[in-house]
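A short reminder: the numbers here are calculations on the coordinates, not readings from a lab. Here the structure is a predicted model, which is why all the values come from computation and not from measurement. Ideal geometry is used to build each Cβ from the backbone, glycine not excepted, and the neighbour counts take in all protein chains shown.
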Amino acid sequence: MIVEVGHYALALALALSLVQAVMPAWAARSGDAALREVAGPAALGTFACILFAFCALTYAHVASDFSVQNVVENSHTAKPLIYKISGVWGNHEGSMLLWVLILALFGAWVAGAKASVPPVLRTNVLMVQASITFVFVLFIITTSNPFARVAPAPLEGNDLNPLLQDAGLAIHPPLLYLGYVGFSISFAFAVAALIEGRIDAVWARAVRPWTLIAWSFLTLGIAMGSYWAYYELGWGGWWFWDPVENASLMPWIAGTALLHSTVVMEKRDALKVWTVLLAILTFSLSLVGTFIVRSGLLTSVHSFASDPSRGVFILGILALFIGGSLSLFAWRAPTLRQGGLFAPISREGALVLNNLFLVAACATVFVGTLYPLLLEMLTAEKISVGPPFFNWTFVPLALPLLVIVPFGQALAWKRGDIAAAAQRLLAAFALALVVGVVAAALTWGGPVMAPVGLGFGAYLIIGSALEIWSRARGYGQSRTRDLGTTWRRAVGLPRSAWGTALAHAGVGVVVLGIAGQGWATEGLATLKPGGQVAAGPYVATLDRVGPRKGENYEETTAFLTLRTKEGDAVGTVETGKRFYPSRRMTVTESGLKTVGVSQIYASLGEVMPDGSIGLRLYHKPLVLLIWIGALIMAAGGGLSLTDRRMRVGAPVKARAKLPPAAVPAE
Amino acid sequence: MTRKSRRLILIASCGAVLALALGLILSAMSGSIVFFRSPAEVAAQGVPPGTRFRLGGLVKDGSVKRGPDQNVEFSVTDTNATVPVQYRGLLPDLFREGQGIVAEGRLDAGGVFRADTVLAKHDENYMPREVADALKAQGRWQEGGGKETPKEAVKPASADATLGQRSER
């Protein structure tokens with residue numbers, strides 16, 4: 001019964017979103033203000049309906065209601081509760097339901113943010129948002145109904161793909177979708193601005209927090225997915241340039257660019273048309289990502305439960321929203337009042353460079369991801385574009401960006417002084433050089449790029465710290481040498497200044513982690529109990545191989561003891577092969593031992609009849625910094641959001657003219 | 001600085017970065033792209049030794065020989081032609097005889113494919129898309145127990161195929 005009500009609620013959401021999309025347009029023609037106000041309650045209603053539908057499906061999964069097709073295909077009574085819940089979005093239908101749930105959540109959120117978004121803009125945003133919701137709910141109801149029944153109901157389900165039975169994967173999709181789908185608000189703002197034909201600093205200030213929320217969640221989601229792939233897929237890499245990974249990376253890069261261009265727009269009333277275009281492109285890339293993952297066109301780690309027939313529907317949605325919004329852009333953009341030009345050497349000049357490099361980097365990822373597909377369609381020639389392509393295209397475009405980051409922060413708005421900025425960053429250059437040289441000296445004969453990478457990371461972190469430091473010290477007449485005053489000023493800096501510095505330092509931390517992988521080592525051996533395999537400074541000894549039983553799997557586990565080359569004990573690590581009888585599938589479970597921010601990674605190979613095993617051991621120096629850095633970046637985004645000026649729903653205050661001696665507002 | 005020269009600088013820097021990106025993409029296209037070949041294509045066209053490519057097909061029944069120190073030899077076939085493969089490393093969980101796989105590596109002078117990566121999919125019925133297409137092209141393999149007509153669109157072999165495991169040297 002609950003399942004049918006859930007299905008009904010979804011249909012109701014379809015109708016409500018249609019009301020929400022159509023009524024404001026009608027109101028705009030008839031001038032009926034009351035009719036326009038329908039959008040807000042409709043957004044809340046849509047969200048409530050979809051939430052109910054989602055809860056109904058969750059109930060079916062938790063209660064193991066095997067009369068529901070979706071539950072049969074993805075659940076099992078013996079499955080632990082957490083995976084019964086995460087199994088709701090561990091499949092196509094459920095994950096699309098989560099997608100629209102988050103879409104509706106953002107819609108309801110905008111409807112509630114009455115103070116921070118001007119009424120006409122808000123109504124238009126809700127209208128655009130509702131049209132996206134309508135089309136995607138229609139997609140679910142017509143092609144991917146999660147509530148379909150099956151008769152007769154089987155006694156047991158097929159279980160969830162064991163690879164997806166993992167705590168990391170339980171939270172990865174919701175985080176990722178909060179990011180992906182969150183950009184729909186930026187998109188809706190852009191389209192609303194085009195409809196209204198008006199775009200100004202108020203618009204930029206209104207859209208910024210939403211972009212920042214989406215960006216922060218997307219950062220977390222990508223990091224979570226990367227960590228999951230690292231330990232669950234058992235081959236020890238943290239990024240594979242897999243099409244699905246690229247699908248989430250592209251909106252992230254474009255979103256990063258958008259985040260920076262809205263700052264320019266808010267402060268300097270420039271880059272307006274570009275910002276609108278970027279907002280459209282960012283969400284378009286999110287849609288392309290959804291298409292790539294959900295259409296099954298690309299073979300990939302993530303292409304579970306994909307169906308090409310659905311691809312056609314999503315392709316239609318793509319054409320509608322990307323084509324539609326770009327046409328609207330082409331038609332309306334010339335009517336938007338252009339912003340002014342500005343000096344190349346200035347904060348805004350640096351941000352334009354940031355945008356240029358980010359967009360170029362995004363374009364290389366786009367080409368590398370979609371070119372093989374296009375080529376196969378046109379010529380039937382199959383190619384694979386792997387890490388060498390991206391290392392050769394993406395990395396050279398990302399490196400200049402890393403150099404610019406601290407510079408951009410050190411330059412003033414309007415007219416910057418590059419020599420003064422370089423002088424302020426002198427300490428960062430010097431310390432980074434020391435880090436690089438020391439690292440190179442300690443690991444002489446090792447990889448060249450790794451010490452260089454460490455230097456880059458150090459430069460970014462120190463550059464961010466210097467930014468806070470020099471702003472706290474002050475400029476000109478207000479410059480202070482007193483540490484107490486400096487501290488008080490640092491505490492008094494806007495949260496967004498701290499957030500920016502933190503996020504940029506996070507990038508530096510990620511770079512450190514990536515650089516560390518230059519020194520990664522591995523060992524491979526066939527072992528009998530007592531046998532040893534070495535990787536880097538560590539040696540693993542196989543103690544024994546034995547069976548172990550989990551709730552819904554049986555595991556053959558290799559128990560290993562780790563020591564340093566000198567013989568000091570480090571700890572134990574266990575890696576196993578898990579056999580899931582429900583799916584008759586075997587999955588390797590890697591074993592991890594964390595030492596500081598480095599990890600030792602063991603992966604079990606074949607277990608031979610004579611009791612010997614294949615074992616691969618990796619030493620991954622600094623690897624945890626990659627994900628810690630991403631967490632720091634997201635924390636920086638979160639910190640910025642708590643800034644008085646950024647709070648969703650905070651009163652909009654006209655910015656007072658700052659006295660010339662004061663620190664320039666971020 | 002005049003408005004004109006500001007605009008010029010903006011346009012020039014846009015042009016420079018985009019030209020850089022384009023140049024990088026083009027040079028990467030010519031250098032770091034890996035083609036997919038079936039054993040029949042290898043036999044017919046003769047891939048020169050040392051050229052990196054992806055070899056896809058079925059692991060031939062009875063061909064897997066495990067050597068010491070995690071060395072393994074097997075043959076990849078599309079039933080028309082067979083290519084011997086050498087690999088050192090852990091094989092994916094679903095690697096077995098009769099299973100579809102994709103291996104990446106190079107041919108040596110003796111015509112043996114030296115793989116540094118072996119991919120298999122995490123599904124009993126799985127066949128890598130490239131392999132399925134290559135076999136279908138020869139009419140050797142049909143999807144869904146022979147219900148398929150030749151005109152049917154190319155699609156992944158299994159609705160539930162997850163690229164589960166990859167082993168790399």
| message | Please identify the DSSP H helices in chain A that span no less than 18 Å along the helix axis (Cα) and have a mean Kyte-Doolittle hydropathy of 1.0 or more. | response | A:2-30, A:39-62, A:92-112, A:119-143, A:167-196, A:272-295, A:347-379, A:387-410, A:426-442, A:495-516, A:624-641
| said: Suppose R0 equals 22 Å. What FRET efficiency, 1/(1 + (r/R0)^6) with r the Cβ-Cβ distance, do A:Asp543 and B:Arg88 give to the nearest 0.05? | reply: 0.30
| query | Peptides B:31-39, A:145-153: what's the order by average Cβ count within 10 Å, highest mean first? | reply | B:31-39, A:145-153
| task | Just need the relative contact order of region A:1-77 here, percent rounded to a whole number, with Cα pairs under 8 Å and 6+ apart. | result | 35
| query | Pairs A:Lys528/A:Lys620; A:Lys565/B:Lys65; A:Lys272/B:Lys4; A:Lys528/A:Lys577: which are spaced more than 26 Å apart, C-alpha to C-alpha? | reply | A:Lys565/B:Lys65
| query | Quick one: Cα centre-to-centre distance for region A:610-635 and region B:1-46, in angstrom? | reply | 32
| field | For A:378-385, mean number of other protein chain Cβ atoms within 10 Å | value | 5
| query | In what sequence, highest mean first, do A:189-199, A:120-130 appear when ranked by Cβ atoms within 10 angstrom? | reply | A:120-130, A:189-199
| message | I'd like the mean, over residues of B:61-70, of how many other protein chain beta carbons sit within 10 Å of each residue's own Cβ. | response | 2
| task | Under 1.5 on a/c is rounded, so check that first for the protein assembly as shown, then, if it is not, pick prolate when a/b is larger than b/c and oblate when it is not; a ≥ b ≥ c are the square roots of the alpha carbon gyration tensor eigenvalues. | result | oblate
| query | How far apart, in nm, are two points set 7 Å out from the Cα along the Cα-to-Cβ line at A:Glu566 and at A:Gln477? | reply | 6.0
| Residues in region A:164-189 that a label on A:Leu328 would reach, taking backbone N under 14 Å of a point 7 Å out along Cα→Cβ | A:184-189
| message | At 222 nm, what value in deg cm²/dmol follows for chain A if DSSP H runs of at least 4 each add -39500 (n - 2.57) and the sum is divided by all its residues, to the nearest 500? | response | -20500 deg cm²/dmol
| query | Separation of region A:158-205 and region B:90-108 by C-alpha centroid, Å? | reply | 38
| message | I need the calculated FRET efficiency for the pair A:Glu4 and B:Asp116, taking r as the beta carbon distance and R₀ as 56 Å, to the nearest 0.05. | response | 0.55
| remark: Expected sort for A:609-617, A:629-637, A:541-549 on mean C-beta neighbours within 10 Å, highest first, is A:629-637, A:609-617, A:541-549
| When the Cα centres of region A:359-394 and region A:67-98 are compared, how far apart do they sit, in Å? | 34
| field | Dipole moment magnitude, nearest 20 debye, the protein assembly as shown about Cα centre, only Lys, Arg, Asp, Glu C-beta charged | value | 3480
| So if we plug the beta-carbon distance of A:Trp26 and A:Ala48 into 1/(1 + (r/R0)^6) with R0 = 35 Å, what FRET efficiency do we get, rounded to 0.05? | 0.95
| message | Rounded to the nearest angstrom and ordered from largest down, what semi-axes does the equivalent ellipsoid of region A:1-90 get from its C-alpha gyration tensor (root of 5λ)? | response | 37, 11, 9
| task | Sum up the charges of everything whose Cβ sits under 11 Å from the Cβ of A:Thr561, counting Lys and Arg as +1 and Asp and Glu as -1, but leave A:Thr561 out. | result | +1
| message | Which chymotrypsin sites (Phe, Trp or Tyr not before Pro) in region A:419-528 sit in a loop by DSSP (not H, G, I, E or B) and have at most 15 other Cβ atoms within 10 Å of their own Cβ? | response | A:Trp444, A:Tyr475
| Average partner chain C-beta neighbours within 10 Å, per residue of A:391-402? | 3
